[in-house]
Amino acid sequence: MVKVITFIKRKPGMPVEEFQSYWRTRHPEVVTRLPGVRRYVQSHTLPATYRTSDPAYDGIAEVWADDTAALRAMTQSPDHAAVQADEARFIDRASMGVIITEDHVVKDGAVPPDAVKSVDFLTRKTGLTVEEFQRHWLQVHAPIATAIPTLRRYVQSHTRRSAYEAGRVPAYDGAAITWYDSADSFRAAAAGAEYTRVAADGPSFLSMDRIRSILTREFVIVG
């Protein structure tokens, strides 16, 4: 399976509540017409985030397909134009971006219905090859992160190697996706000793100034 992660911002001037409502209740009508959608999840940035700052993104959409051929069929489908037209109603398409990834489930714990989902977009440290970055993230960093006691689930979405062919540079090298019981549980994790060890390992393989993070609630549309 492959997964497309689309990171999005709402149209300028559009209220957050209006954006989230349209995305959740109207937009799935066109996305679910695409052929080959195996799973479709929206993750909306928590409304409380906007009280203190403007988040990096207003949310992400994740769409799973069997393989790259299935993804190609989606984009070549007549229904794809309808998806793009509808996106223009509520998304700032000039700032939206996509990475095509493969999931590595590092911790597969049960997630309560009202859990919060943290999404961290990552870029590898300058000088590291893609192979070195992915190996460190999965084999070294993951075991450190799974020691966080309040962490329920942890998935690493690695940008596919094909994204780097012919010298191309994807928007991000991957996304770290983690689930916690609540925002309070997430904050408790960030204040703990285990998280300190996670943060200390970051500079070993990440460009720390290029990390972009959002705290969300997910809605499973398909799957």
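The values are calculated or read from the model by the stated rules, or taken from the named source; none is laboratory data. Just so it is clear, the structure is predicted and the values come from calculations on it, not from any experiment. Surface areas here come from the heavy atoms of the whole protein model, side chains and all, with no ligands, DNA or RNA. Shrake-Rupley method; radii C 1.70, N 1.55, O 1.52, S 1.80 Å.
Coupling constants for region 16-21 follow from the phi torsions by the Karplus curve (6.51 cos²θ - 1.76 cosθ + 1.60, θ = phi - 60°), and in residue order they are 4, 4, 5, 4, 5, 5 Hz; glycine and proline get x. Cα extents for region 99-150 along the principal axes, largest to smallest and rounded to whole angstrom: 40, 25, 16. Solvent-accessible area per residue in region 17-144 equals 50 Å², computed with a 1.4 angstrom probe and all protein chains kept. Relative to its residue count, region 182-223 spans a Cα convex hull of 126 Å³ per residue. Treating the chain as a set of equal point scatterers at the Cα positions, no solvent, please give the Debye-formula log₁₀ I(q)/I(0) at q = 0.07, 0.16, 0.17 Å⁻¹. After summing over all Cα pairs, the log10 values are -0.22, -1.21, -1.36. Give the relative contact order (percent, whole number) for region 99-203; include only Cα pairs under 8 Å separated by 6+ residues. Reported relative contact order: 42 percent. If the Kirkwood radius is taken over C-alpha pairs of region 48-137, then at 37 °C and 0.692 mPa s the Stokes-Einstein diffusion coefficient equals 193 µm²/s. Along its three principal directions, the equivalent ellipsoid of region 111-223 from the Cα gyration tensor extends over semi-axes of 25, 18, 11 Å, largest first. Taken over the chain, lysine pairs spaced eight or more positions apart, or on distinct chains, with alpha carbons under 20 Å apart number 4. Rolling a 1.4 angstrom probe over the chain with all protein chains present gives an accessible area of which 51% lies on carbon and sulfur atoms. By the equivalent-ellipsoid construction on the alpha carbon gyration tensor, region 7-96 comes out with semi-axes of 25, 13, 11 Å, ordered largest to smallest. Note on HIS136: accessible area approximately 40 square angstrom, rounded to 10, probe 1.4 Å, nucleic acids and ligands left out. Post the alpha-carbon centroid distance, region 75-127 to region 47-65, in whole angstrom. Value for the Cα centre distance between the two parts: 10 Å.
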